[in-house]
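One structure is given below, encoded as structure tokens.
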Amino acid sequence: MTNTLITQPHLGVGTWFLGESPHKEKEEIAALQYALSNGVTIVDTAEMYGNGRAETLVGKAIQPFQRDKIHLVSKVLPSNANAKRLEASLDASLSRLKTDYLDLYLYHWRGNTPLNETIDMLEQMKKKGKILNWGVSNFDLEDMQELLELPDGKQCATNQVLYHLGSRGIEYALKPFQDAHQIPTMAYCPLAQAGDLNRRLLTNQDLQALAADLKLNCYQLLLCFTLAQKNMVSIPRSGKLEHMKQLVACQQITLTPKQLDLLNQLFPAPRHRVALDME
């Protein structure tokens with residue numbers, strides 16, 4: 001199967017925590033529209049984010065753009081990922097996003113619904129034209145192995161998981177498995193939530209020194225690290241226009257092997273399997 005994600009640019013934008021403050025809406029829309037006007041085509045959101053408010057914000061932001069030029073991604077909550085509720089949940093997301101289809105619909109994390117039931121519903125939504133592709137999020141190795149054993153499991157277009165320089169656990173087993181099956185990884189929180197996740201990266205003196213040498217800030221260096229990974233799409237989030245400009249500029253920055261080696265020395269990947277990180 002040719003995966004549509006791997007034909008896309010490696011940089012997308014996330015929307016976690018966006019749309020929650022009315023007084024920030026104007027700048028958040030401006031930030032998203034700047035990204036979409038400057039080479040970014042992937043916009044990731046979810047029904048969970050602000051109880052739909054992020055989807056509503058995205059719906060407003062994308063109106064001036066050609067819909068077929070945007071790779072629109074949203075997610076269904078586990079409580080809605082079943083035969084009774086998934087389609088209604090999807091329809092509500094489509095209404096908030098002011099569109100009649102999603103390019104990609106993700107099962108946000110695994111719940112109690114049998115996996116085959118969720119996948120059957122996602123395939124039905126494809127047949128109805130309401131989604132073009134589906135994927136999963138926060139699935140660990142065993143979840144992905146079980147998924148690929150299902151009749152339609154190989155239709156999975158991506159697994160979206162937390163990944164940044166200070167949280168590289170997926171490199172030990174999960175990402176190699178996905179790479180072997182040509183399943184791209186979507187990296188959320190590539191900026192480690194402003195450095196607050198694991199090792200407070202933005203205040204790490206070694207990282208600050210390297211960023212300064214490269215004439216970057218630490219946000220950009222963290223993003224460039226994830227953009228350097230193969231078979232991966234990175235979806236940083238920012239509601240501030242100036243920050244978004246800095247992130248979008250990373251599309252033109254390529255870290256050298258020597259620079260990547262230094263980052264690998266400072267923050268090495270684990271040499272044993274660790275639990276899937278979600279926060």
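The values are calculated or read from the model by the stated rules, or taken from the named source; none is laboratory data. Everything numeric here is computed off the predicted structure, so don't read it as measured data. Positions of Cβ are generated from backbone atoms using ideal geometry, with glycine treated the same way; all protein chains shown enter the neighbour counts. Accessible surface is based on the protein model in full, side chains and every heavy atom, while ligands, DNA and RNA are left aside. Shrake-Rupley method; radii C 1.70, N 1.55, O 1.52, S 1.80 Å.
Among the residues of the stretch 32-44, those identified as out of contact with any strand residue (DSSP E or B) (no Cβ under 8 Å at 6 or more places or on another chain) and part of a helix (DSSP H, G or I) are Q33, Y34, S37.
Listed by position, the helices (runs of 4 or more DSSP H) contained in the stretch 195-265 that have at least 1 residues being basic (K, R) and farther than 26 Å from L276 by Cβ are 241-249.
Looking across E47, E20, E27, one residue alone is in a loop (DSSP other than H, G, I, E, B), over 18 Å from the mean Cα position of the chain (by Cα) and under 26 Å from P190 (Cα atoms). It is E20.
Evaluate the stretch 57-70: report whether one residue or more is crowded, with 16+ Cβ neighbours inside 10 Å and closer than 16 Å to P236 by Cα.
First, pick out the residues of the stretch 57-70 that are crowded, with 16+ Cβ neighbours inside 10 Å: 57-62, 70.
Next, from what is left, pick out any that are closer than 16 Å to P236 by Cα: 58.
Yes.
Any residue that is in contact with a Lys or Arg (Cβ under 9 Å, 6 or more places away or on another chain), closer than 22 Å to E242 by Cβ and modelled with pLDDT of 95 or more - is there at least one of those in the stretch 59-74? Checked against the condition, which is being in contact with a Lys or Arg (Cβ under 9 Å, 6 or more places away or on another chain), closer than 22 Å to E242 by Cβ and modelled with pLDDT of 95 or more, the stretch 59-74 yields at least one hit.
Hey, any hits in the stretch 226-235 for a residue that's open to solvent by 80 Å² or more (accessible area, probe 1.4 Å) and within 24 Å of E171 (Cα to Cα)?
Of the stretch 226-235, the ones open to solvent by 80 Å² or more (accessible area, probe 1.4 Å) are 230.
When the remaining residues are screened for being within 24 Å of E171 (Cα to Cα), the result is 230.
Among the residues of the stretch 226-235, at least one is open to solvent by 80 Å² or more (accessible area, probe 1.4 Å) and within 24 Å of E171 (Cα to Cα), which makes the answer yes.
Could you check the stretch 215-225 and list, in sequence order, the residues that are open to solvent by 40 Å² or more (accessible area, probe 1.4 Å) and closer than 22 Å to T45 by Cβ? Walk me through how you get there before you give the answer.
The first filter runs over the stretch 215-225 and keeps only residues open to solvent by 40 Å² or more (accessible area, probe 1.4 Å), leaving 215, 217, 219.
The answer is Y219, and nothing else.
Of everything in the stretch 236-265 that is under 18 Å from E171 (Cβ atoms) and not polar (S, T, N, Q), the residue that is most open to solvent (accessible area, probe 1.4 Å) is P257. Selection of the stretch 21-34 for residues being buried (at least 21 other Cβ atoms within 10 Å of the Cβ) and charged (D, E, K, R) yields only E28.
Residues checked against (1) open to solvent by 50 Å² or more (accessible area, probe 1.4 Å); (2) of a type outside the set (V, I, T); (3) modelled with pLDDT of 95 or more:
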{"position": "T2", "(1), (2), (3)": "yes, no, no"}
{"position": "I6", "(1), (2), (3)": "yes, no, no"}
{"position": "P9", "(1), (2), (3)": "no, yes, no"}
{"position": "V13", "(1), (2), (3)": "no, no, yes"}
{"position": "L36", "(1), (2), (3)": "no, yes, yes"}
{"position": "D44", "(1), (2), (3)": "no, yes, yes"}
{"position": "G52", "(1), (2), (3)": "no, yes, yes"}
